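Asker: The following block contains the structure, expressed as structure tokens.
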Amino acid sequence: MGTAPTEVTQLKLGKLKVARQRLLQRYEHQLFVSCLAGLYGCQWRRFQRTHAQPGHCCCSKRECCSFALIVLTFCLSLVFLYFWSEARNDYNDFDWFNFGNLGFWFPWSIVLLILAVFLFTYVAVLLLLAVCLLSEGQRLYLHWCHKIGISVTLILSIVASSVLTDLWSKEWKTVLLSFQVSAPYLHIGGVVLMTLLSWPVGFHLFRLNIRVRRMAMMVLYITLLVTLYLVPLGMHSPCIKERRTLGSAPALIGHRGAPMLAPENTYMSFEKALAAGADGLETDVTISYDGVPFLMHDKNLRRTTNVKDVFPNWTHTSPAMFTWKELQSLNAGSWFFSQDPFGTARFLSADERLQAQNQSVCTLRAFLDLAAQYGKLVIFDLYRPPRGHPYRDSWIYRTLDVIQNESSIHSSQVLWLPPELREFVQEMDPDLQKTAGEQASVEELQLRHIARLNIHYSSMSEKEIRKYAAANISTNLYVISEPWLYSLAWCAGAHSVATNAVHILKNLQRPLFLMTPDEYMLMWTLTDITSLLIVVIIFVFHWWRERGLARRVDSSSLLEHGYYRQFRTEVNDVWSLSNMSSPEKQVPSL
């Protein structure tokens, strides 16, 4: 007896399904493309992928907008991440600023950095998936949840950058300074990225039928590539110089002592700075109600003492309105462990922890005597007491009296920074090293007997530093705690820097990014030439392959996108038969 027609049909369909599966496995990167499509568009069904037709756009207008949004978000999130990572030198200032406004301590800077890294990574992964899909000739279908995520990332990047620009605009100067040491390496990274992009660009460039689109894509890519090749012509870095022209390392002045190793502006902090190799000490001085100059930076005692526990009603009172006896009753070290501003408190030994927890407010006299004992320079800001204070009009005279008559320091060790009554100070003690906190012409500085400039590191300029040095005016930059910034100051010729990290910077034997002009030229030219050769090879390969495909299509052996016409026919036959047999199971066509 013969086989029933229904059984024959089922048998043929089974064989055709097997043939279909083998064909798909043969002609597609099945697992790779499935994973890409699943991650990018949440299309996890095995063959739910659609190829772009040769000569046509890789995606619809809506998906083109989505891809453009990803690129825009990638660029903005990269800018924000770079901006905030380069601001690391001033994280402590940012956290204390928030403490002053919010009233409680929290490491907001680290949280913001983690958020920036997460958002950038998310967008970068999506962009990479999109480029890989385009390289495989797949149409893009970005899932709606990713579109929401991209929009949120874009908004957060714009808002965060705008707020930080408004509150902390000087950090953009830090970003510009960072290019002086990172630009050569960013250039290499950019060239490598553009070289990798040549594969998907070449893939689609020679498949476009519309000449205008083809020319626009080619001109845009080549323009970006050539511009990137020529960027080094406009770059300048003080760290690209002959090694013999490099001066000595800038002297290190402990900013409020060693605040990473002990509570700031305490006797222990200055001892730690000297033990780490500091060449000088920096602090802030105010005068108590009964005329004792002491060390305190803030406008109140809330941050660095336990004033809230001892004098709960005076938490916002100026430190100058306390008597010295009242100040002595405060603990100036316990906060270091509860707030741990630099994340370093846990590295202290048991003895050091006990010592730090028992620190008190330090007097100017004790500070000067310590510097005199080790023969170190000192520099300090001097705050005028508020109205109603007994020493409001004699605060400078009282400070000079401590320097000249009560301490053992020599006046030549003191970099006198306060700008008030300079002529009076010059007459009272001509041995003081007059220091200015603002830039001016060489003639004006010499007229005011200025021997040193104390300026923020964002004002760093190799040209200006050299100009002042030629007139015997040295330059101190504050506050530099990151090795890359210290390296830049070293290359620029700064004479000294105020730092929170004496123990770290003291270990640098040479600038991190120093290279000779010949070394830089060799690195630049080799990178550009290698990239150009690779790009040309990739473009020629895609042109050759598409030209060969076009010829074979004319002989009816090959079809679009590098797939066999016979394969397309067989697969369509399989799908047609499958759909006839199982109408409830629809399979999308290629």
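The values are calculated or read from the model by the stated rules, or taken from the named source; none is laboratory data. In this text the structure is predicted, and so the values were computed from the model without any measurement. Note that we place each Cβ from the backbone using ideal geometry, even for glycine, and neighbour counts take in every protein chain shown. Side chains included, ligands, DNA and RNA excluded: accessible areas come from the protein's heavy atoms. Shrake-Rupley method; radii C 1.70, N 1.55, O 1.52, S 1.80 Å.
Asker: Could you check the stretch 241-255 and list, in sequence order, the residues that are among the β-branched types (Val, Ile, Thr) and open to solvent by 60 Å² or more (accessible area, probe 1.4 Å)? Before you say what the answer is, go through the steps one by one.
Answerer: First, pick out the residues of the stretch 241-255 that are among the β-branched types (Val, Ile, Thr): 245, 253.
Answer for the stretch 241-255, where residues must be among the β-branched types (Val, Ile, Thr) and open to solvent by 60 Å² or more (accessible area, probe 1.4 Å): just Thr245.
Asker: Do you know which of the residues in the stretch 111-131 that are free of Cβ contacts under 8 Å to residues at least 24 places away in the same chain and either outside any helix (DSSP H, G or I) or closer than 28 Å to Arg303 by Cα (or both) is nearest to the chain's Cα centre (by Cα)?
Answerer: For the stretch 111-131, the residue satisfying everything is Ile114.
Asker: Still on this structure: Would you be able to say whether some residue in the stretch 256-265 is under 18 Å from Phe337 (Cα atoms) and outside any loop (DSSP other than H, G, I, E, B)? Break it down into steps so the answer makes sense when it comes.
Answerer: Initially, the stretch 256-265 is screened for residues under 18 Å from Phe337 (Cα atoms), giving 256-265.
Remaining after also requiring outside any loop (DSSP other than H, G, I, E, B): none.
No, because not a single residue in the stretch 256-265 is under 18 Å from Phe337 (Cα atoms) and outside any loop (DSSP other than H, G, I, E, B).
Asker: For Pro390, which of the numbered conditions (1) at pLDDT 95 or above; (2) closer than 30 Å to Trp108 by Cβ; (3) surrounded by fewer than 21 Cβ atoms within 10 Å (Cβ to Cβ) fails to hold?
Answerer: It is condition (2) that Pro390 fails.
Asker: Can you find, within the stretch 137-182, the residue that is surrounded by the most Cβ atoms within 10 Å (Cβ to Cβ) among those that are over 30 Å from Asn89 (Cβ atoms) and of a type in the set (Phe, Trp, Tyr)? Show your work before the answer.
Answerer: We begin by selecting, within the stretch 137-182, every residue over 30 Å from Asn89 (Cβ atoms); these are 137-151.
Add one more test, that the residue is of a type in the set (Phe, Trp, Tyr), and what stays is 141, 144.
Numbers: Tyr141: 19, Trp144: 10.
So the residue we want is Tyr141.
Asker: Residue by residue through the stretch 201-238, note down the ones that are aromatic (Phe, Trp, Tyr) and under 25 Å from the mean Cα position of the chain (by Cα).
Answerer: Initial filter on the stretch 201-238 (aromatic (Phe, Trp, Tyr)): 203, 206, 221, 229.
If the condition is that a residue be aromatic (Phe, Trp, Tyr) and under 25 Å from the mean Cα position of the chain (by Cα), then Tyr229 is the only one that fits.
Asker: So which residues in the stretch 137-168 are under 25 Å from Gly41 (Cα atoms) and in a loop (DSSP other than H, G, I, E, B), if there are any at all? Quick ask: steps written out before the conclusion?
Answerer: So the first thing to find is which residues in the stretch 137-168 are under 25 Å from Gly41 (Cα atoms), and the list is 137-157.
The answer is Gly137, Arg139, Leu140, Tyr141, Leu142, His143.
Asker: If you don't mind, there's one more thing I want to ask. Output the number of the condition that Asn507 fails; it satisfies all remaining conditions of (1) in a helix (DSSP H, G or I); (2) under 24 Å from the mean Cα position of the chain (by Cα).
Answerer: The single condition Asn507 does not satisfy is (1).
Asker: Let me ask another. Is it true that some residue in the stretch 223-240 is touching a strand residue (DSSP E or B) at 6+ places or on another chain (Cβ under 9 Å), at positive phi and open to solvent by 20 Å² or more (accessible area, probe 1.4 Å)?
Answerer: No: zero hits.
Asker: So, Ser135, is that one under 26 Å from the mean Cα position of the chain (by Cα) and not hydrophobic (A, V, I, L, M, F, W, C) or not? Can you show your working first?
Answerer: Values: under 26 Å from the mean Cα position of the chain (by Cα): no; not hydrophobic (A, V, I, L, M, F, W, C): yes.
So Ser135 fails the test.
Asker: Here's a follow-up. Identify the residue in the stretch 461-484 that is of a type in the set (A, V, I, L, M, F, W, C) and farther than 19 Å from Leu377 by Cβ and, among all such residues, is surrounded by the most Cβ atoms within 10 Å (Cβ to Cβ).
Answerer: To start, the set of residues in the stretch 461-484 that are of a type in the set (A, V, I, L, M, F, W, C) comprises 465, 469-471, 473, 477, 479-480, 484.
So of that shortlist, the ones also farther than 19 Å from Leu377 by Cβ come out as 470-471, 484.
Numbers: Ala470: 9, Ala471: 12, Trp484: 20.
By that ranking, first place goes to Trp484.
Asker: If Thr435 satisfies every condition in (1) buried (at least 19 other Cβ atoms within 10 Å of the Cβ); (2) in contact with a strand residue (DSSP E or B) (Cβ under 7 Å, 6 or more places away or on another chain); (3) within 23 Å of Ala87 (Cα to Cα) but one, which is the exception?
Answerer: (3)
Asker: Restricting attention to the stretch 211-222, and to residues there that are surrounded by 11 or more Cβ atoms within 10 Å (Cβ to Cβ) and closer than 20 Å to Arg545 by Cβ, which single residue is modelled with the lowest pLDDT? Steps first, please.
Answerer: In the first step, residues of the stretch 211-222 are kept if they are surrounded by 11 or more Cβ atoms within 10 Å (Cβ to Cβ); the result is 213-218, 220-222.
Those still in the list that are closer than 20 Å to Arg545 by Cβ too: 213-214, 217-218, 221.
Values: Arg213: 76, Arg214: 81, Met217: 85, Met218: 88, Tyr221: 92.
The residue in question is Arg213.
Asker: Going by what's in this entry, would Leu134 be described as in a helix (DSSP H, G or I), open to solvent by 30 Å² or more (accessible area, probe 1.4 Å) and of a type in the set (A, V, I, L, M, F, W, C)?
Answerer: On the way: in a helix (DSSP H, G or I): yes; open to solvent by 30 Å² or more (accessible area, probe 1.4 Å): no; of a type in the set (A, V, I, L, M, F, W, C): yes.
Here the answer is no, as Leu134 does not meet what is asked.
Asker: Further question: For the list (1) closer than 30 Å to Leu205 by Cα; (2) free of Cβ contacts under 8 Å to residues at least 60 places away in the same chain; (3) hydrophobic (A, V, I, L, M, F, W, C), I need the number of the one condition that Phe106 fails.
Answerer: Going through the list (1) closer than 30 Å to Leu205 by Cα; (2) free of Cβ contacts under 8 Å to residues at least 60 places away in the same chain; (3) hydrophobic (A, V, I, L, M, F, W, C), Phe106 breaks only (1).
Asker: Name the residue, out of Asp401, Asp381, Asp429, that is at negative phi and free of Cβ contacts under 8 Å to residues at least 12 places away in the same chain.
Answerer: Details: Asp381 fails: free of Cβ contacts under 8 Å to residues at least 12 places away in the same chain; Asp429 fails: free of Cβ contacts under 8 Å to residues at least 12 places away in the same chain.
Matching residue, one of Asp401, Asp381, Asp429: Asp401.
Asker: While we're on this one: Out of the residues in the stretch 299-316 meeting the condition of being β-branched (Val, Ile, Thr) and surrounded by fewer than 17 Cβ atoms within 10 Å (Cβ to Cβ), tell me which one is modelled with the highest pLDDT. Spell out the reasoning first.
Answerer: Applying the first criterion (β-branched (Val, Ile, Thr)) to the stretch 299-316 yields 304-305, 307, 310, 315.
If we keep only those that are surrounded by fewer than 17 Cβ atoms within 10 Å (Cβ to Cβ) too, we end up with 310, 315.
Details: Val310: 95, Thr315: 91.
Across the stretch 299-316, the extreme among qualifying residues is Val310.
Asker: So, of the residues in the stretch 485-512 that are open to solvent by 30 Å² or more (accessible area, probe 1.4 Å) and either polar (S, T, N, Q) or out of contact with any strand residue (DSSP E or B) (no Cβ under 9 Å at 6 or more places or on another chain) (or both), which turns out to be nearest to Ser237 (Cα to Cα)?
Answerer: That would be Leu512.
Asker: Among the residues of the stretch 270-289, write down those that are without any contact (Cβ under 8 Å) to a residue 40 or more places away in the chain and either outside any helix (DSSP H, G or I) or under 25 Å from Ile455 (Cβ atoms) (or both).
Answerer: Ser288
Asker: Related question: Go through the stretch 320-360 and count every residue that is assigned to a loop (DSSP other than H, G, I, E, B) and within 22 Å of Val502 (Cα to Cα). I'd like the intermediate steps shown before the answer.
Answerer: Kept after step one, since they are assigned to a loop (DSSP other than H, G, I, E, B), are these residues of the stretch 320-360: 322-323, 329-334, 340-344, 348-349, 358-360.
Pick out the ones that are also within 22 Å of Val502 (Cα to Cα) and you get 332-333, 340-344, 348-349, 359.
Selection size over the stretch 320-360: 10.
Asker: State yes or no: is Leu208 open to solvent by less than 30 Å² (accessible area, probe 1.4 Å), within 25 Å of Leu533 (Cα to Cα) and not in a helix (DSSP H, G or I)? Break it down stepwise before answering.
Answerer: Details: open to solvent by less than 30 Å² (accessible area, probe 1.4 Å): yes; within 25 Å of Leu533 (Cα to Cα): yes; not in a helix (DSSP H, G or I): yes.
Spelling it out, Leu208 is indeed open to solvent by less than 30 Å² (accessible area, probe 1.4 Å), within 25 Å of Leu533 (Cα to Cα) and not in a helix (DSSP H, G or I).
Asker: Of the numbered conditions (1) open to solvent by less than 40 Å² (accessible area, probe 1.4 Å); (2) farther than 30 Å from Asn306 by Cα, Leu112 fails exactly one; give the number of that condition.
Answerer: Leu112 satisfies all of (1) open to solvent by less than 40 Å² (accessible area, probe 1.4 Å); (2) farther than 30 Å from Asn306 by Cα except (2).
Asker: With (1) among the hydrophobic types (A, V, I, L, M, F, W, C); (2) closer than 17 Å to Gly280 by Cβ; (3) open to solvent by less than 30 Å² (accessible area, probe 1.4 Å) as the list, and Ile396 as the residue in question, which single condition is left unmet?
Answerer: Ile396 satisfies all of (1) among the hydrophobic types (A, V, I, L, M, F, W, C); (2) closer than 17 Å to Gly280 by Cβ; (3) open to solvent by less than 30 Å² (accessible area, probe 1.4 Å) except (2).
Asker: Determine which single condition Val192 fails, assuming it passes every other condition in (1) surrounded by fewer than 17 Cβ atoms within 10 Å (Cβ to Cβ); (2) touching a residue at least 60 places away in the same chain (Cβ under 8 Å); (3) over 29 Å from Leu177 (Cα atoms).
Answerer: Just one mismatch for Val192, condition (3).
Asker: Of everything in the stretch 457-496, what is closer than 17 Å to Ser248 by Cα and in a strand (DSSP E or B)? Give them in sequence order.
Answerer: Of everything in the stretch 457-496, those that are closer than 17 Å to Ser248 by Cα and in a strand (DSSP E or B) turn out to be Ser474, Thr475, Asn476, Leu477, Ser496.
Asker: List, please: which pairs have Cβ atoms under 7 Å, are six or more places apart or on different chains, and start with a residue in the stretch 172-185 that is within 14 Å of Tyr486 (Cα to Cα) and end with one that is of a type in the set (D, E, K, R) and open to solvent by 10 Å² or more (accessible area, probe 1.4 Å)?
Answerer: Between residues of the stretch 172-185 that are within 14 Å of Tyr486 (Cα to Cα) and residues that are of a type in the set (D, E, K, R) and open to solvent by 10 Å² or more (accessible area, probe 1.4 Å), the close pairs are Thr174/Glu86; Ser178/Glu86.
Asker: Right, next: Can you tell me which of Ile379, Ile409, Ile403 is open to solvent by less than 40 Å² (accessible area, probe 1.4 Å) and assigned to a helix (DSSP H, G or I)?
Answerer: Working: Ile379 fails: assigned to a helix (DSSP H, G or I); Ile409 fails: assigned to a helix (DSSP H, G or I).
On inspection, the qualifying residue turns out to be Ile403.
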